[in-house]
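A quick write-up on the structure given underneath.
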Amino acid sequence: MKSRIPLYEPSLSNDEKRNVLKCLNKNWISSKGEFIKKFEDSFKKKFNYKFATVTTNGTTALHLALMSLNIKKDDEVIVPNLTYIAPVNAINYVGAKPILVDVNKENWLMEIDKIKEKINKKTKAILLVHLYGTCYDLDQISALKKRYKIKIIEDCAEAVGTKYKKKFVGSVGDISTFSFYGNKTVTTGEGGMLVTKIKSYFDKIVKLKSQGLNIHKKDNFYNHDIVGYNYRMTNICAAIGFAQLKKINSFIYKKKKIDLLYRKFLKSNEINFQKIDKFCNSSYWLTTILFKNSNIKNKVVKYLKKKNIETRPIFKPMNQLKMYKSSNKNFKNSINLYSRGISLPSYPNLRLNEIKYVSNSIKKIIKL
């Protein structure tokens, strides 16, 4: 047993190192090198997306998505109350108002009926967050999109490789976003990707992420005609991502096995897992569990820390954060999940004896 079991660590090999060395040896370390296009093209091909472009991280991908859909001040965007903070912050970047919706206590995603209740004339988009690798019923989301004529953004930061029925997530959104942070299934250290079926959105995204450069002008050196941003990925990051993407099937296979083992070893009335619906083929980003109450959770976290096992709480509900504070009583599910849940070590190279060690340590505290 190694001295510490982290929540997550990337699976890097000689493939990534060789690609990075190619960048260094050719002096192409900025956003103009060969691996940018290789990574984008391989991502499109792998998941059957029409257009794809890289960016600096998942948060800037969300910012670009909202701007490209012309979401602006005083518009409303529906978003889950239980999520990492990035999508809610991105809504604020463009001056729009995040409309928080509570989640289902089984799969931890927004319920369709609760989404419907929040739709009004100011609603311009629904921002879905495919939490911990599971996914929404995208047929129902498509029906909402058609009925109310609103835009859909899929935040797939935690769900790269997840399938809804036979399609990969990201296929329904007007624009969908991904993150390649160090703890994601595919990593570039820091990085993101946007995908879309609509060329006009794609062109706008590329322009916005490149300081507003007008690429269609004959002389496009320094020819900027809108205020843009420097959200371009480096060739070094893309080189890592290109190597990582080739191994994604193996990563997901291993992570599914890890999740199944946790479910087997921790099967009990004292512990619950996130429900994975039949229509979803999850990528199992993080195995996350619920205890009966917060006192038990806190005891387990404290004991696991003592045993050098790293955990994380479930994301703090947005309505409990200072910036998005709300006394609304309609967030009971997300608040309850946060109070009882933790994420367990879930990286692809986690060994069987380590999974058993984590599981046995938990069982010791709750006396299973």
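Considering only the range 32-41, state which residues are touching a residue at least 24 places away in the same chain (Cβ under 8 Å) and either surrounded by fewer than 17 Cβ atoms within 10 Å (Cβ to Cβ) or not assigned by TED's automatic domain parsing to the domain that holds T177 (or both).
Passing the criteria: K32, E34.
For the range 297-319, which positions are touching a helix residue (DSSP H, G or I) at 6+ places or on another chain (Cβ under 8 Å), closer than 25 Å to Y347 by Cβ and of a type in the set (A, V, I, L, M, F, W, C)?
V300, L304, I309, I314, F315, listed by residue number.
Within the range 1-49, restricting attention to residues that are of a type in the set (G, A, S) and in a loop (DSSP other than H, G, I, E, B), which residue is nearest to the chain's Cα centre (by Cα)?
The residue in question is S11.
If I filter the range 197-249 down to residues being charged (D, E, K, R), modelled with pLDDT under 95 and more than 27 Å from K26 (Cα to Cα), which single residue comes out as surrounded by the fewest Cβ atoms within 10 Å (Cβ to Cβ)?
Within the range 197-249, the match that is surrounded by the fewest Cβ atoms within 10 Å (Cβ to Cβ) is K218.
List every residue pair whose Cβ atoms lie under 7 Å apart, where the two residues are 6 or more positions apart in sequence or sit on different chains, the first residue falls within the range 253-278 and is in contact (Cβ under 8 Å) with a residue 40 or more places away in the chain, and the second residue, located anywhere, is aromatic (F, W, Y) and in a helix (DSSP H, G or I).
Q274/Y132
I'd like the full set of residues that are outside any helix (DSSP H, G or I) and of a type in the set (V, I, T), limited to the range 208-265.
I215, I226, V227, T234
Test of understanding: among G228, G241, G182, G212, which residue is on the phi > 0 side of the Ramachandran plot and in the same structural domain as F43 (by TED's automatic domain parsing)?
Criteria check complete, one pass: G212.
K322: surrounded by fewer than 20 Cβ atoms within 10 Å (Cβ to Cβ), out of contact with any helix residue (DSSP H, G or I) (no Cβ under 8 Å at 6 or more places or on another chain) and not assigned by TED's automatic domain parsing to the domain that holds T134, yes or no?
Taking the combined requirement at face value, the residue satisfies it.
Could you tell me whether the range 347-356 includes any residue that is within 21 Å of E158 (Cβ to Cβ), within 20 Å of the chain's Cα centre (by Cα) and of a type outside the set (K, R)? Spell out how you get there, then give the answer.
Of the residues in the range 347-356, the ones within 21 Å of E158 (Cβ to Cβ) are 347-350, 355.
This time we only want the ones that are within 20 Å of the chain's Cα centre (by Cα), so: 347-348.
Next cut, of a type outside the set (K, R) only: 347-348.
Checking the range 347-356: at least one residue is within 21 Å of E158 (Cβ to Cβ), within 20 Å of the chain's Cα centre (by Cα) and of a type outside the set (K, R).
Going through the range 68-95 one residue at a time, which ones are more than 30 Å from T287 (Cβ to Cβ), among the aliphatic types (A, V, I, L, M) and surrounded by fewer than 22 Cβ atoms within 10 Å (Cβ to Cβ)? Step through it out loud before you land on a result.
Let us first name the residues in the range 68-95 that are more than 30 Å from T287 (Cβ to Cβ), namely 68-76, 92-95.
If we keep only those that are among the aliphatic types (A, V, I, L, M) too, we end up with 69, 71, 94.
Selection gives V94 alone.
Quick one: how many residues across the range 1-27 are modelled with pLDDT under 95 and either under 14 Å from I240 (Cα atoms) or touching a helix residue (DSSP H, G or I) at 6+ places or on another chain (Cβ under 7 Å) (or both)?
1
Of the numbered conditions (1) among the charged types (D, E, K, R); (2) under 20 Å from the mean Cα position of the chain (by Cα); (3) over 30 Å from Q244 (Cβ atoms), K322 fails exactly one; give the number of that condition.
Every listed condition holds for K322 apart from (2).
N319 fails exactly one of the following numbered conditions: (1) more than 15 Å from T287 (Cβ to Cβ); (2) touching a Leu at 6+ places or on another chain (Cβ under 7 Å); (3) assigned to a loop (DSSP other than H, G, I, E, B). What is the number of that condition?
The failed condition is (3).
Scan (1) within 15 Å of the chain's Cα centre (by Cα); (2) within 19 Å of I91 (Cα to Cα) for the single condition I115 breaks and write down its number.
Only one criterion is unmet by I115, namely (1).
Which residue is surrounded by the most Cβ atoms within 10 Å (Cβ to Cβ), if the candidates are limited to the range 42-64 and must be within 22 Å of A90 (Cβ to Cβ) and of a type in the set (S, T, Y)?
T55
Among the residues that make up the range 333-349, is at least one of them without any contact (Cβ under 8 Å) to a residue 40 or more places away in the chain and of a type in the set (S, T, Y)?
Scanning the range 333-349 turns up no residue that is without any contact (Cβ under 8 Å) to a residue 40 or more places away in the chain and of a type in the set (S, T, Y).
Does N330 satisfy the criteria of being within 23 Å of S361 (Cβ to Cβ), loosely packed, with under 15 Cβ neighbours inside 10 Å, among the polar types (S, T, N, Q) and out of contact with any Ser or Thr (no Cβ under 7 Å at 6 or more places or on another chain)?
So N330 does not fit the description; no.
Kindly provide the set of residues from the range 180-195 that are over 13 Å from L64 (Cβ atoms) and part of a strand (DSSP E or B), ordered by number.
The answer is Y181, G189.
The values are calculated or read from the model by the stated rules, or taken from the named source; none is laboratory data. Just so it is clear, the model here is predicted, and its values are computed rather than measured. With ideal geometry, Cβ positions are generated from the backbone for all residues, glycine too; neighbour counts draw on all protein chains shown.
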